[in-house]
Structure formats: structure tokens, C-alpha cells
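J.: Sharing a structure, written as C-alpha cells. Questions coming.
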Amino acid sequence: MATVSLTPAKKAARSTVALKALMAVTGLIMLGYLIAHMYGNLKVFSGRASFDNYAHHLRDIGEPVLPHTGLLWIIRVVLLVSVILHAYAAIALWRRARVARGGTKRYVSPKARRGVQRSYASFTMRWGGVIIALFVIYHLLHLTANVIAPGGAAGSPYQRVVNGFQIWWVVLSYTIAMIAVGLHLRHGTWSALTTLGANTSAAARRRINALAYVVAAVITIGFLLPPFGILLGLVK
């Protein structure tokens with residue numbers, strides 16, 4: 001049976017280091033998108049005209065060099081490719097870790113109460129990623145595609161947001177998803193910066209850890225302000 005010989009470049013591309021770097025870069029791309037998206041969401045406090053104008057302007061950016069919604073579709077494609085590559089790298093690294101453990105689910109550790117190591121990352125990254133993926137699908141169907149309409153359908157993006165977040169269970173589901181995002185970001189930010197070489201000393205580790213907490217807190221709170229502001233009547 002013939003064997004396939006990989007070139008050094010292909011071996012490097014499939015290495016664990018390359019997969020971790022891929023996760024780090026794609027994660028930072030998604031983080032940048034979250035920051036921009038959070039900024040847009042906060043415009044709900046400026047009123048309907050400001051929010052709807054912002055939503056409309058997103059489709060006009062780049063004209064006439066780009067067609068209508070051209071830049072928006074570029075952003076969507078880059079984001080979708082980042083999500084796919086991020087998930088691919090995560091699954092590949094998980095499989096390699098499982099093989100390295102001899103097929104067991106977790107490392108055996110006499111210090112752990114149940115005899116196996118249950119890390120912070122195992123709680124937040126894998127299952128948190130699943131929760132986030134399911135929420136993103138629902139979120140797109142609700143606020144982008146206008147297919148799901150809790151609180152009533154509306155042509156205005158502002159009105160869709162307000163109608164949905166006047167319902168307590170919509171806010172609750174959004175809160176659960178954003179907590180998952182925050183936990184994912186806390187570990188992901190630290191891991192990405194460490195992979196890219198920022199973890200060079202004990203002082204650097206402390207700074208990275210502090211930055212990871214700040215990023216997670218700012219994103220989580222920033223995304224939760226609009227739904228709770230609407231639910232509590234601060235946004236009419």
C-alpha cells in the first residue's frame with residue numbers, strides 16, 4: 001500500500017502549534033466583530049431613528065466602490081470562514097488530546113475529587129461553543145432574517161429588538177448565551193495571547209489574565225445592557 005509523503009510545509013500546517021495559532025487568529029477576528037456588534041447594539045439607547053439609521057448605513061458602506069451590502073457580505077464571509085476554521089481547529093486539537101490520553105475522557109488525577117481532572121476549559125469552551133452556535137442561529141433568524149418574531153414582527157430593526165426583549169424568557173435565553181460567550185472569551189483571550197507569544201513572564205501572565213477578565217466582562221455587560229434596559233422600561 002502506497003504511503004503519502006507530506007512536505008515540510010504541509011506537516012507544519014497540520015501541527016498542533018499551527019492549529020493553536022489558527023484558533024488564536026480566528027478567535028481574535030471574532031472578538032473584533034463582537035466589539036463592533038456590541039457598539040451597534042448600544043445605539044438602541046439613542047432611539048429608533050439612530051438605531052435604524054445605523055442598521056441601514058451598514059448596507060451602504062463602501063458604495064459606490066462596492067455594491068449595496070457588499071462590505072457587509074465580505075464581513076459575513078470572513079466571519080463564517082473564521083467560525084468554521086475555529087471549530088475545525090478545536091475539534092482536531094480535542095481529538096489529538098483524547099488520543100494522547102489513551103482514549104479516556106479526562107486525565108486521571110488523584111488530587112481531583114472524582115479522580116479525574118475537570119478543567120475550567122472543559123466546562124466553558126466545548127459546551128459553551130455549542131450553546132453559542134445554537135444561539136447565533138436563533139439570533140440570525142430573529143433579528144437579521146426576521147423569520148422568528150417574539151413580541152411581534154416589524155420592518156424596523158429597532159422595533160424588532162424592542163419587541164423581542166420586552167419578553168422575559170427572550171432576555172433569559174439571551175443572558176444564558178452571553179454568559180457562555182463571556183466564559184468562552186475569558187479563557188479564549190488568555191489562550192490566544194499565550195499562543196501568539198505574549199506569555200513571556202510571570203508579570204506578563206498576570207497582565208494577560210487581567211486583560212482576559214476585562215475583555216470578557218466588557219463584552220458580556222455591553223451586550224446585556226440593551227435587553228435589560230428594554231425589559232426594565234429604560235428603552236421605550
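J.: Tell me, please, whether a residue that is over 30 Å from residue 236 (Cβ atoms), at pLDDT below 90 and part of a helix (DSSP H, G or I) can be found in the range 141-162.
T.: no
J.: Here is a list: 194, 189. Which entry is surrounded by fewer than 19 Cβ atoms within 10 Å (Cβ to Cβ) and either under 20 Å from residue 39 (Cβ atoms) or of a type in the set (Val, Ile, Thr) (or both)? Outline the logic, then answer.
T.: Working: 189 fails: surrounded by fewer than 19 Cβ atoms within 10 Å (Cβ to Cβ).
Exactly one of 194, 189 is surrounded by fewer than 19 Cβ atoms within 10 Å (Cβ to Cβ) and either under 20 Å from residue 39 (Cβ atoms) or of a type in the set (Val, Ile, Thr) (or both), namely 194.
J.: Also, I was wondering about something else. In the range 82-93, which residues are within 13 Å of the chain's Cα centre (by Cα) and of a type in the set (Val, Ile, Thr)?
T.: Once the filter is applied, which keeps residues that are within 13 Å of the chain's Cα centre (by Cα) and of a type in the set (Val, Ile, Thr), the range 82-93 yields 83, 84.
J.: Got a number for residues in the range 136-186 being loosely packed, with under 14 Cβ neighbours inside 10 Å, touching a residue at least 40 places away in the same chain (Cβ under 8 Å) and under 23 Å from the mean Cα position of the chain (by Cα)?
T.: 1
J.: Here is a further query. Report yes if residue 217 is of a type in the set (A, V, I, L, M, F, W, C), under 14 Å from the mean Cα position of the chain (by Cα) and crowded, with 19+ Cβ neighbours inside 10 Å, otherwise no.
T.: Considered against the rule, which asks whether it is of a type in the set (A, V, I, L, M, F, W, C), under 14 Å from the mean Cα position of the chain (by Cα) and crowded, with 19+ Cβ neighbours inside 10 Å, residue 217 comes out as no.
J.: Can you run down the residue pairs with Cβ atoms below 8 Å, 6 or more apart or on separate chains, where the first is in the range 201-227 and over 19 Å from residue 40 (Cβ atoms) and the partner is outside any helix (DSSP H, G or I)?
T.: Every condition considered, the pairs that remain are 204/198; 205/199; 208/198; 208/199.
J.: Okay, next question. Go over the candidates 72, 19 one by one and state the one that is among the aliphatic types (A, V, I, L, M) and either modelled with pLDDT of 95 or more or crowded, with 16+ Cβ neighbours inside 10 Å (or both).
T.: After ruling out the rest, the residue left standing is 19.
Residues checked against (1) in contact with a helix residue (DSSP H, G or I) (Cβ under 9 Å, 6 or more places away or on another chain); (2) under 27 Å from residue 162 (Cβ atoms); (3) among the acidic types (Asp, Glu):
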site: 185; (1), (2), (3): yes, yes, no
site: 200; (1), (2), (3): no, no, no
site: 206; (1), (2), (3): no, no, no
site: 215; (1), (2), (3): yes, no, no
site: 219; (1), (2), (3): yes, yes, no
site: 223; (1), (2), (3): yes, yes, no
site: 228; (1), (2), (3): yes, yes, no
site: 233; (1), (2), (3): no, yes, no
site: 236; (1), (2), (3): yes, yes, no
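J.: Assuming residue 131 fulfils every condition listed in (1) buried (at least 16 other Cβ atoms within 10 Å of the Cβ); (2) modelled with pLDDT of 85 or more apart from one, which condition is it?
T.: Unmet for residue 131, out of (1) buried (at least 16 other Cβ atoms within 10 Å of the Cβ); (2) modelled with pLDDT of 85 or more: (2).
The values are calculated or read from the model by the stated rules, or taken from the named source; none is laboratory data. Note that the coordinates shown come from a computational prediction; the quantities given were computed from them, not determined experimentally. Glycine gets a Cβ as well: all are built from the backbone with ideal geometry, and neighbour counts include every protein chain shown.
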